[in-house]
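All remarks here apply to the structure that follows.
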Amino acid sequence: MDKKLNYFTVIKFLSKYTSKYKRNFIMFYFGWFFDMALSLIMPILFGIMIDEIVYYQNLNTFIKISIMILIMSVFSCALYFLIYAQHHFLKSRYLFDIKKDIFRHLQKCDAQFMTDTSAGDIIATVQSYSSECMLFMSRSITHFINAILSIVAIVVYLFVISWQIGLFILLAAPISVIINAKFGKKIRDYGEKQREYYSGYISWVFEILSALRDIRMLGAQQETNKKFKENHNKMFAVNIKSSVSSITANNIISFTHLFVQLAIFAFVGYSAITGNITIGLLTIIVAFYSILTSKINLTSLSYLETQSRISQIQRVYDFLQSPTEDDWKGKRELIITEGNISFENISFTYNKSNIVLNEFNLNISAGERFALVGKSGCGKTTLAYMLIGFYRPQQGEIIIDGQRLSDCSLKSIRQNIGLIAQDVLIFDGTIKENILLGNQTANEEEIEFACKQSGLWEYIETLPSGINTVIGSQGIGISGGQKQRIAIARIYLKNPKIIIFDEATSSLDSENEEAIHEAWKSVLIGRTSIVIAHRQSSVMFCKRAAILENGKICEVGTPAAMVSESHSFKTLFAVMEAH
């Protein structure tokens, strides 16, 4: 069962980050502590100063206190500089450490967990929810504790002055606590809904941005606008409920404070008329009650905000506790000498109702070009991801050259097995930098040879800056065929013994596809390859092919024979290529 965070468990969770900046947090806290102390001392000095001049005509004491107030004001300015210097330092460094941990965890998250998690929720966790950790430390702890200390100090001082006034003051505190307890849980529940709706909305926006062309082609703008309004209406509704709960709680507390304030002013006014208190003392009481109501409102608001804040920190905590590839138990080095692959009784489900592979068995010989075909969702890509350790079979074993894949380390698996997908990663940088993702230590000769083998070199020679030409969103645009050639050059530099092509040419026209197939031939010499394809031309490139259906192999043979003899093969490609 997932751990539900509360105020104290959040402190414990964040302690590993705060301990690194303990000194800065202490300076930050005591900066605000001294500021709080000054805000309490100032009214007392003003009260004394008024009495000294009104009742005792003591100009000397009046001047001394004035100088003291001036010095304290200057000190307060210097204090604010220290506080905000520490705040900005912590906001950048402390928050960076949390985001760094989230990002590091993101890169090794279990593939199945990532499949079940929306992109919007992950983005919100990195950018938005992580920021709440700093707000928790600065507002929910520092300001909250100092506000409580201020309330205690003021109540004690007022009790010393007059027990009747102290009693009046105490009436407001328990009412605030009761109201906070009543509204706090409700506001936290609204906070969790806000997080859920916001992450879903962000995911939806990303989907829309990637499909704008299709939306225009289909004339679906009206339906998209309708969905946009629905998403915002859901967020507005929960935001309004949360705001109304906060406003209602604060208004009830403010009304309570007003009632007590009127009673105090009436009592203090009567005491001043009867001569029981001085004008200076009256000034102190009025100033202190103003500070007190402000601090009680602050603690009330801080408590309510904290409930919402904890729900967002909960998401950071849950994400950092999510399964990762560190749970992979294999430690041995995978050594591929031949490249024989055997799938033995593999079973895999994404959930109980979605069985993808069911006691799947298949043998692929060393150096063989093998095609996997089948309808969308039949498990082809799942098998590819199992080979590179993204997914783990729930039953059965994958054997490579007599070694169980589950016994081998992920690092050695991915060094020996490469994958080229339909969507090739191209980041803003030079062609050379993009190719070097395959092997960061490759020299100039190796890079050039890889480019020539992939058929990319001729294109590079036409560019003014050659291999140092910047590509990506900040550079020149390149075609799908050139992207595939970059992917092939990367794989060539990586030099794996087994290569998987996952729909690698599905977005290319027939001319470009044929050229890429030619580039494959040089790369695949002496290597075992698995080609996952929806196009018959890619299957015909292979020596053998298998059709997946209902989680199992239903037919295996040479593509040439299957074209003429297999009804399933002909039907499958007639349907797929029609689409």
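The values are calculated or read from the model by the stated rules, or taken from the named source; none is laboratory data. The model shown is predicted, which means the values in this text are computed figures rather than measured ones. Counting neighbours? That spans all protein chains shown, and the Cβs are built from the backbone with ideal geometry, glycine included.
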Checked Ser138, Ser76, Ser131 against criteria (closer than 30 Å to Val160 by Cβ and among the polar types (S, T, N, Q)); the one match is Ser76
Output the residue which, of all residues in segment 384-402 that are out of contact with any helix residue (DSSP H, G or I) (no Cβ under 9 Å at 6 or more places or on another chain) and at pLDDT 90 or above, is nearest to Ile341 (Cα to Cα). Asp401
Out of Glu518, Glu565, Glu503, Glu513, sole residue that is crowded, with 17+ Cβ neighbours inside 10 Å and farther than 29 Å from Ser347 by Cβ: Glu513
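Under the condition of being more than 16 Å from Thr117 (Cβ to Cβ) and surrounded by 16 or more Cβ atoms within 10 Å (Cβ to Cβ), which residue from segment 316-331 is farthest from the chain's Cα centre (by Cα)?
Gly330
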Whichever residue in segment 448-478 is small (Gly, Ala, Ser) and in contact with a Phe, Trp or Tyr (Cβ under 8 Å, 6 or more places away or on another chain) and, among such residues, is surrounded by the fewest Cβ atoms within 10 Å (Cβ to Cβ): Gly472
Name the single residue that is farthest from the chain's Cα centre (by Cα) among those in segment 535-547 being farther than 13 Å from Phe569 by Cβ and either crowded, with 21+ Cβ neighbours inside 10 Å or without any contact (Cβ under 8 Å) to a residue 24 or more places away in the chain (or both). Phe541
Out of curiosity, is Thr306 at pLDDT 85 or above, of a type in the set (S, T, N, Q) and within 30 Å of Met386 (Cβ to Cβ)? no
List the number of the failed condition for Thr274; all other conditions in (1) surrounded by fewer than 20 Cβ atoms within 10 Å (Cβ to Cβ); (2) within 46 Å of the chain's Cα centre (by Cα); (3) at pLDDT below 80 hold. (2)
Index of the failed condition, Gly551 passing every other in (1) under 36 Å from the mean Cα position of the chain (by Cα); (2) closer than 22 Å to Glu446 by Cα: (2)
For segment 500-529, give me the residue count where each residue is under 34 Å from the mean Cα position of the chain (by Cα) and among the β-branched types (Val, Ile, Thr). 2
Is segment 77-90 home to any residue that is touching a residue at least 12 places away in the same chain (Cβ under 8 Å) and farther than 30 Å from Thr142 by Cβ? no
How many of the residues making up segment 83-138 are of a type in the set (Gly, Ala, Ser) and loosely packed, with under 14 Cβ neighbours inside 10 Å? 1
Pull up segment 56-73, narrow it to residues that are of a type in the set (A, V, I, L, M, F, W, C) and over 53 Å from the mean Cα position of the chain (by Cα), then point me to the one that is nearest to Ile44 (Cα to Cα). Ile65
Within the set of pairs 6+ apart or on separate chains, which have a first residue in segment 221-234 that is closer than 15 Å to Leu209 by Cα, a second that is in a helix (DSSP H, G or I), and C-beta atoms under 8 Å apart? Gln221/Ile215; Thr224/Ile208; Thr224/Ile215; Lys227/Trp204
Options Ile364, Ile355: the member that is more than 30 Å from Phe144 (Cα to Cα), among the β-branched types (Val, Ile, Thr), touching a residue at least 60 places away in the same chain (Cβ under 8 Å) and surrounded by fewer than 16 Cβ atoms within 10 Å (Cβ to Cβ): Ile355
Just a yes or no: is a residue in segment 58-76 assigned to a loop (DSSP other than H, G, I, E, B), within 22 Å of Ile277 (Cβ to Cβ) and touching a helix residue (DSSP H, G or I) at 6+ places or on another chain (Cβ under 8 Å)? yes
Reported set for segment 434-463 where residues are of a type in the set (A, V, I, L, M) and out of contact with any Gly (no Cβ under 7 Å at 6 or more places or on another chain) is Ile435, Leu436, Leu437, Ala442, Ile447, Ala450, Leu456, Leu463
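I'm checking my understanding of the structure. Among residues of segment 414-430 that are crowded, with 21+ Cβ neighbours inside 10 Å and touching a Phe, Trp or Tyr at 6+ places or on another chain (Cβ under 9 Å), which one is modelled with the highest pLDDT?
By that ranking, first place goes to Leu419.
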Take residues that are among the β-branched types (Val, Ile, Thr) and in contact with a Phe, Trp or Tyr (Cβ under 9 Å, 6 or more places away or on another chain) and tell me which of the helices (runs of 4 or more DSSP H) falling wholly in segment 479-579 contain 1 or more. 480-494, 510-523, 536-540, 559-565
